[in-house]
Amino acid sequence: AQSVSQHNHHVILSEAASLELGCNYSYGGTVNLFWYVQYPGQHLQLLLKYFSGDPLVKGIKGFEAEFIKSKFSFNLRKPSVQWSDTAEYFCAVIFDNYGQNFVFGPGTRLSVLP
Amino acid sequence: KAGVTQTPRYLIKTRGQQVTLSCSPISGHRSVSWYQQTPGQGLQFLFEYFSETQRNKGNFPGRFSGRQFSNSRSEMNVSTLELGDSALYLCASTDSDTDTQYFGPGTRLTVL
């Protein structure tokens, strides 16, 4: 079965540090890739998405992600985090043979210390 | 456009009862998906409805069911509630042109 994994359960950074959150999936076919963020007490919001084209995609709030097909990865990055980035981050994948439904990774909790 | 709305936002039930949750998708979106979010299992797909038909179903017991109405609003029903059903239930509607899901705020169900 297709699955999505996220490398880190909890990441703690100081403000201005650089961020990279890992996401890997298990499937060799066509995928659509997403990163969602869930701020404390708020609902899931789309950060960015990749369907095709340039594998480096830019999203909202200074986030970007790179799709590396050979590594089945879609890592999320931000050069300099802020306290307001404290949230839970979910990688999600639509696999081409699984309808239009997402398989979510387990999530990575990011805590940014002021 | 208004976002995805879910009602009620909070619900407390006891074991053995049944519950119905409601979701109104973004105007124009015909696909509605339901997810269960728990600290232990994360986000798990329940089912998806498109044009009043269940198009996909996750790995949940038959106590979990749903339906979609002609105006795309969807309901999810859980019968014979168990303690383990306590979770945040999320609804998402899909923009078919961009394959992007937009999530509602969820319904927090507590089973005592």
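Structure values in brief
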{"quantity": "Residue within segment B:82-92 that is within 14 Å of chain A (Cβ to nearest Cβ) and farther than 12 Å from B:Gln36 by Cα present", "calculated": "no"}
{"quantity": "Filtered residue count, segment B:44-56, keeping only those that are under 21 Å from B:Leu109 (Cα atoms) and either surrounded by 18 or more Cβ atoms within 10 Å (Cβ to Cβ) or touching a residue at least 60 places away in the same chain (Cβ under 8 Å) (or both)", "calculated": "4"}
{"quantity": "Filter result (among the β-branched types (Val, Ile, Thr) and without any contact (Cβ under 8 Å) to a residue 24 or more places away in the chain) within segment A:30-58", "calculated": "A:Val57"}
{"quantity": "Test set (1) touching a Phe, Trp or Tyr at 6+ places or on another chain (Cβ under 7 Å); (2) farther than 25 Å from A:Leu113 by Cα - A:Ile68 fails condition number", "calculated": "(1)"}
{"quantity": "Search result, residues across segment B:73-112 that are open to solvent by 10 Å² or more (accessible area, probe 1.4 Å) and assigned to a loop (DSSP other than H, G, I, E, B)", "calculated": "B:Arg73, B:Ser79, B:Thr80, B:Glu82, B:Ser86, B:Ser96, B:Asp97, B:Thr98, B:Asp99, B:Pro105, B:Leu112"}
{"quantity": "Residue match in segment A:60-83 (condition: under 27 Å from B:Thr5 (Cβ atoms), among the aliphatic types (A, V, I, L, M) and touching a residue at least 40 places away in the same chain (Cβ under 8 Å))", "calculated": "no"}
{"quantity": "Any strands (runs of 3 or more DSSP E) falling wholly within segment B:14-71 and containing at least 2 residues that are away from chain A (no Cβ under 12 Å) and farther than 30 Å from A:His9 by Cβ", "calculated": "B:19-24, B:64-68"}
{"quantity": "Residues located in segment A:1-29, provided they are touching a residue at least 40 places away in the same chain (Cβ under 8 Å) and among the hydrophobic types (A, V, I, L, M, F, W, C)", "calculated": "A:Val4, A:Val11, A:Ile12, A:Leu13, A:Ala16, A:Ala17, A:Leu19, A:Leu21, A:Cys23"}
{"quantity": "Selection status of B:Arg9, in contact with an Asp or Glu (Cβ under 9 Å, 6 or more places away or on another chain) and among the charged types (D, E, K, R)", "calculated": "no"}
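The values are calculated or read from the model by the stated rules, or taken from the named source; none is laboratory data. This one's a predicted model, so the numbers in the text were calculated from it and none came from an experiment. Cβ coordinates were reconstructed from backbone atoms using ideal geometry, including for glycine residues, and neighbour counts include every protein chain displayed. For the accessible areas, the whole protein counts, side chains as well, though only heavy atoms, and no ligand, DNA or RNA atoms are used. Shrake-Rupley method; radii C 1.70, N 1.55, O 1.52, S 1.80 Å.
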